[in-house]
Every structure is written in structure tokens, then in C-alpha cells.
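The values are calculated or read from the model by the stated rules, or taken from the named source; none is laboratory data. Since this is a predicted model, take the numbers as computed values, not measurements. As a convention, Cβ positions derive from the backbone with ideal geometry for all residues, glycine included, and neighbour counts pool all protein chains shown.
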Amino acid sequence: MKFGPLPVAQALDAVLAHSLALPEGRMRKGHRLEAADLARLEAAGLDKVIAARLEPGDVDEDTAAARLAAALVPDPEAVGLRLGAPGTGRVNIHATGPGVLEVLAARIDALNAVDPMISVATVPQWQRCATRTMVATVKIIAYAVPGAALERACAEARGALRLHAPQRRRVALIRTRVAGAASEAEGPEAVRRRLERMGAVLISDTEVAHETDALARALAEVPGAELALILTGSATSDPHDVAPEALRRAGGQVTRFGMPVDPGNLLFFGDLGALPVIGLPGCARSPALNGADWVLERMLCAVPVTEGDVAAMGVGGLLKEIPTRPQPREGR
């Protein structure tokens with residue numbers, strides 16, 4: 001593609017680079033000049049325009065954006081995504097329902113390294129999405145790109161985006177109450193809201209004494225749930241504290257205790273047979289984002305969460321402080 005000043009007489013099929021105010025009305029940038037347009041320009045006394053002229057092998061911006069978007073998401077319906085119509089070299093990609101977005105970052109990095117005029121921007125890896133959330137935008141920065149570069153970018157981009165929809169929709173909550181403490185309402189309500197936005201429902205809310213045996217029995221009797229959550233009346237401060245020990249005593253196992261996300265450090269998770277179990281940190285009583293959201297959302301979507309996944313959450317894991325936190329990072 002050649003870009004720069006061009007005599008009007010030689011500008012047929014060139015792409016206008018800047019909008020022009022003419023007596024008969026505005027001629028917008030990005031417009032491909034036709035014979036009638038050249039006549040209008042000459043009638044307005046213009047002898048030159050700033051324009052882009054495509055060369056053999058170049059692909060115009062809208063066609064290029066559409067091809068790259070189709071490479072990123074070859075089968076939109078199968079992966080819960082929708083491709084928008086191209087315009088001004090851009091195609092937006094949206095979620096068709098709730099879920100978490102998987103981004104193959106190495107492929108995005110590789111396609112963005114092919115040519116500076118070819119770009120894709122996405123939301124962060126495993127971002128929670130709602131219906132119509134924009135998850136990515138493809139933008140061809142110039143008016144055209146070389147076809148060979150576009151082909152390389154499409155090859156690198158192949159299938160780099162996928163929305164994982166919720167698979168586990170029936171969730172049980174078990175809460176423990178310390179002797180002498182009143183029953184709470186804010187915890188269950190915050191949990192319910194988190195589930196609802198992911199298309200899941202709270203099928204039971206059980207309260208037991210803050211004792212290992214009582215909690216172990218409640219875990220063993222969870223009715224028909226696909227995921228179990230524990231919210232303790234007293235913070236879980238050790239891998240062998242009441243809640244993780246109750247999971248073991250019920251016959252389950254603890255995969256990970258603690259996470260490098262704040263708020264959310266005191267989360268643990270594991271499983272009881274085929275039932276995933278998450279021990280929520282106390283900050284889950286607040287609707288504010290915390291580390292538990294990152295684990296809960298993936299598990300609801302049946303995305304495996306490993307110890308390595310949690311260990312890698314530290315970069316970006318310093319989240320906004322919760323105002324009602326009993327022990328804030330810095331004294332008030």
C-alpha cells in the first residue's frame with residue numbers, strides 16, 4: 001500500500017485518508033474514490049488529496065479484519081462467541097452467554113508480532129463474561145495490509161478464543177457458626193448473587209456448628225449438588241483448621257490452601273469424590289471482587305484449577321481493598 005499526497009486525476013480507487021468538507025457535503029475518510037468523487041473534488045478546486053492506494057496482493061481493512069476474526073473463532077456457535085460485522089477495519093467479538101474466556105495468549109502474541117498494522121486486543125485470561133460482553137476486538141490499523149502478512153497472522157491466530165459456559169449449576173453452601181454468634185444473612189446473599197450472574201443456583205444453605213465433625217457430616221450429606229461451598233464463621237487460618245480438616249475427615253482431599261490474591265488469601269479447595277469443594281475466605285461475604293471469584297467462576301464452568309494455576313495468580317492479584325474488612329492492609 002502506498003500512502004501520501006496524490007493528484008486528484010490519479011486518485012481513482014484510492015482510499016481517502018482524511019475527511020473533506022465540500023460545498024455539496026462532507027466526504028468521509030476511508031471512502032474509496034470513484035469517478036464522480038474525483039469530479040466533485042476538482043469542482044471544489046482541489047488538485048491533490050491524501051490517500052492510500054492498494055497495491056497488488058493487498059487486502060482492504062474490512063476484508064482483512066473479517067478474515068482474522070474468522071481465524072480466531074472458526075466456529076463461533078461452538079465456542080459461545082459472536083463475530084460482529086466489519087467496519088473501519090474493525091471486528092468486535094462478543095460473548096453469547098455467561099462464562100469465562102479462555103485466551104491462548106501465545107497465539108495472540110504471535111499474530112500481533114506479524115505486522116504492526118494487524119492487531120487483536122482481548123480481555124484478560126479467564127475473565128468472567130456476561131451475555132454481550134465484548135471479549136476481543138480485531139483492528140486493522142492501516143487501510144490495507146499485505147495478503148501474505150494477513151495469511152501468517154491468521155495461521156498464528158487459529159482458534160485462540162473460547163468461552164467456557166457454566167456446567168455446574170447446582171451449588172450447596174455450608175456455613176459454620178461459632179458458639180454465641182448470631183446467624184448471618186450477608187454471606188449467603190453475596191454467594192447467591194455470585195452464582196446467579198453465572199447462571200447457577202444455590203440449592204441448599206446449611207448452617208452447622210463450627211466444629212470439624214459437624215462440618216464433615218454436613219459435607220457427606222450434601223444433596224444433589226455439583227459444587228459445594230464452605231463459609232466458616234471463624235477465619236480458616238491453617239491447612240489443618242476446622243474446614244479443611246472436615247473435608248479430609250469426610251473422605252475428601254485438599255488440593256490447595258492459600259492463594260497469592262488479596263483479598264482472598266485464605267481460600268482453599270479440593271474435592272469429595274466427584275464433588276468439587278471450595279472453602280471461601282471471609283471476604284466472600286462482600287460483593288466486591290476477591291480471589292474466590294477467580295476460582296469459583298472457573299469451577300462453575302468446569303475449567304480445571306491446579307495448584308500451579310493458583311500460584312500464577314499473584315501478578316495482578318492485588319485487588320481493591322474491601323472497606324468492611326476487619327483487618328485492612330493498612331490501619332485506618
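Out of the residues in the range 127-143 that are in a strand (DSSP E or B) and not basic (K, R), which is surrounded by the most Cβ atoms within 10 Å (Cβ to Cβ)?
The residue in question is V138.
Looking only at the range 163-181, filter to residues that are closer than 24 Å to A216 by Cβ and part of a loop (DSSP other than H, G, I, E, B); which one of those is modelled with the highest pLDDT?
Checking each candidate, the answer is R168.
I'm checking my understanding of the structure. Among residues of the range 294-319 that are surrounded by 20 or more Cβ atoms within 10 Å (Cβ to Cβ) and farther than 15 Å from L267 by Cα, which one is farthest from the chain's Cα centre (by Cα)?
L300
Residue check, T63 against (1) over 30 Å from V114 (Cβ atoms); (2) at pLDDT 95 or above; (3) of a type in the set (S, T, N, Q), all met but one. Which one?
So the condition that T63 fails would be (1).
How about the range 67-110: which of its residues are part of a loop (DSSP other than H, G, I, E, B), β-branched (V, I, T) and modelled with pLDDT of 95 or more?
The answer is V73, T96.
Kindly evaluate V49 against the criterion of being modelled with pLDDT of 90 or more, surrounded by 18 or more Cβ atoms within 10 Å (Cβ to Cβ) and not assigned by TED's automatic domain parsing to the domain that holds A142.
So V49 passes the test.
How many of the residues making up the range 193-238 are out of contact with any strand residue (DSSP E or B) (no Cβ under 8 Å at 6 or more places or on another chain), in a loop (DSSP other than H, G, I, E, B) and small (G, A, S)?
Adding up the residues that qualify gives 3.
Among the residues of the range 99-107, are any farther than 24 Å from D293 by Cα, hydrophobic (A, V, I, L, M, F, W, C) and either buried (at least 21 other Cβ atoms within 10 Å of the Cβ) or in contact (Cβ under 8 Å) with a residue 60 or more places away in the chain (or both)?
no
Among the residues of the range 144-162, is there at least one that is modelled with pLDDT under 95, part of a loop (DSSP other than H, G, I, E, B) and either out of contact with any strand residue (DSSP E or B) (no Cβ under 7 Å at 6 or more places or on another chain) or outside the structural domain of L289 (by TED's automatic domain parsing) (or both)?
Scanning the range 144-162 turns up no residue that is modelled with pLDDT under 95, part of a loop (DSSP other than H, G, I, E, B) and either out of contact with any strand residue (DSSP E or B) (no Cβ under 7 Å at 6 or more places or on another chain) or outside the structural domain of L289 (by TED's automatic domain parsing) (or both).
Can you list residue pairs whose Cβ atoms sit under 7 Å apart, with the first residue in the range 40-53 being in a helix (DSSP H, G or I) and the second being among the hydrophobic types (A, V, I, L, M, F, W, C)? Count only pairs 6 or more apart in sequence or on different chains.
Pairs found: R40/L22; L41/V8; L41/V49; E42/V8.
Among the listed residues A165, A218, which satisfies the condition of being under 24 Å from R249 (Cβ atoms) and either buried (at least 17 other Cβ atoms within 10 Å of the Cβ) or in contact (Cβ under 8 Å) with a residue 24 or more places away in the chain (or both)?
Unique residue meeting the criteria: A218.
Out of all the residues in the range 109-126, is one or more more than 23 Å from G89 (Cβ to Cβ) and buried (at least 18 other Cβ atoms within 10 Å of the Cβ)?
So far as the range 109-126 goes, yes, one or more of its residues are more than 23 Å from G89 (Cβ to Cβ) and buried (at least 18 other Cβ atoms within 10 Å of the Cβ).
Among what's in the range 220-247 and is of a type in the set (D, E, K, R) and closer than 14 Å to A172 by Cβ, pick the residue that is modelled with the lowest pLDDT.
Restricting to residues being of a type in the set (D, E, K, R) and closer than 14 Å to A172 by Cβ, the top hit is E221.
With the structure loaded, tell me whether L20 is in contact with a helix residue (DSSP H, G or I) (Cβ under 6 Å, 6 or more places away or on another chain), without any contact (Cβ under 8 Å) to a residue 40 or more places away in the chain and closer than 24 Å to G89 by Cβ or whether it fails that test.
no
For the range 232-256, enumerate the residues that are crowded, with 18+ Cβ neighbours inside 10 Å, in contact with a helix residue (DSSP H, G or I) (Cβ under 6 Å, 6 or more places away or on another chain) and of a type outside the set (G, A, S).
Within the range 232-256, T232, T236, V242, E245, V254, R256 qualify.
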